Amino acid sequence: MNEYRQGRFWGGLDLREGLLAGLCALLIVVSKLVFRMHLKVPGHSMFFVMFFLLVARGLIDRRFAATVTALLAGLLAVALAAGKGGPLVIINFMLPGLLIDFAAIVCGDPTRNLALCGLVGGVAAFCRFPAVLMVDWLVGMEMDVALPHVLVKSLAGGAFGLAGALLVPSLVRRVRRAGLVPVRNHG
């Protein structure tokens, strides 16, 4: 039997976990670039952001898997100029990633329960509110105009985030059952 010592890379991830986090981050940024079309529906990109952040959280057995994936997506988005806020785009990705990981610490793996996953996805997508408000303020928008704009955008993003999150539990369950990732033993 060929045994080897599995090395740890950035953030304590092994090679498989690092590749999965990088793939999810890449798919987040690619989906934002591909669906940059003007649908006249605010927040539609949060569908894919929440989907891939929660997939990463469900398939990577590390405490801050969604945060690491969000950081990678933010850095890639800045490198490819895929956002309107410049380096503030990183915060737009990091806030939902941190909230997903916080929910996983408090409630357990959200991808094991459909309702919890939907709730976490919706709230995580809505929590971009401060970062979006900051971008609007920095570009010179008046607060009486910015607040309603950001509220509508955040509520719509929360709805799309909830919808994207509802697809995650069945996918994660199927990937685990297929043996593509190690199955975690959670009480």
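Here are some conditions: (1) part of a helix (DSSP H, G or I); (2) within 26 Å of residue 33 (Cβ to Cβ). Residue 141 meets all but one. Which one does it not meet?
(1)
Are there any pairs, at least 6 apart or on different chains, whose C-beta atoms fall under 6 Å, with the first in region 154-170 and more than 13 Å from residue 45 (Cα to Cα) and the second open to solvent by 40 Å² or more (accessible area, probe 1.4 Å), and if so, which?
Correct list of pairs: 169/114.
May I ask you to say which residue of 63, 57 is touching a helix residue (DSSP H, G or I) at 6+ places or on another chain (Cβ under 9 Å), under 25 Å from residue 114 (Cα atoms), open to solvent by 60 Å² or more (accessible area, probe 1.4 Å) and modelled with pLDDT of 85 or more?
Of 63, 57, the one residue that is touching a helix residue (DSSP H, G or I) at 6+ places or on another chain (Cβ under 9 Å), under 25 Å from residue 114 (Cα atoms), open to solvent by 60 Å² or more (accessible area, probe 1.4 Å) and modelled with pLDDT of 85 or more is 63.
Within region 159-177, is there a residue that is open to solvent by 60 Å² or more (accessible area, probe 1.4 Å), at pLDDT 85 or above and either β-branched (Val, Ile, Thr) or more than 19 Å from the chain's Cα centre (by Cα) (or both)?
Looking through region 159-177, at least one residue is open to solvent by 60 Å² or more (accessible area, probe 1.4 Å), at pLDDT 85 or above and either β-branched (Val, Ile, Thr) or more than 19 Å from the chain's Cα centre (by Cα) (or both).
Please indicate, with yes or no, whether at least one residue in region 112-134 is surrounded by fewer than 18 Cβ atoms within 10 Å (Cβ to Cβ), over 18 Å from the mean Cα position of the chain (by Cα) and either closer than 20 Å to residue 52 by Cβ or not aromatic (Phe, Trp, Tyr) (or both).
yes
Hey, among 115, 82, 104, which residue is out of contact with any Asp or Glu (no Cβ under 6 Å at 6 or more places or on another chain) and at pLDDT below 90?
It is 82.
Filter the helices (runs of 4 or more DSSP H) completely within region 15-129 down to those with at least 3 residues that are in contact (Cβ under 8 Å) with a residue 24 or more places away in the chain and charged (D, E, K, R).
Those helices (runs of 4 or more DSSP H) span 15-34.
Can you report the number of residues in region 7-52 which are hydrophobic (A, V, I, L, M, F, W, C) and either open to solvent by 20 Å² or more (accessible area, probe 1.4 Å) or modelled with pLDDT under 75 (or both)?
Here the count works out to 19.
The values are calculated or read from the model by the stated rules, or taken from the named source; none is laboratory data. A quick note: this is a predicted structure, and the numbers were derived from the prediction, not measured. Positions of Cβ are generated from backbone atoms using ideal geometry, with glycine treated the same way; all protein chains shown enter the neighbour counts. For the accessible areas, the whole protein counts, side chains as well, though only heavy atoms, and no ligand, DNA or RNA atoms are used. Shrake-Rupley method; radii C 1.70, N 1.55, O 1.52, S 1.80 Å.
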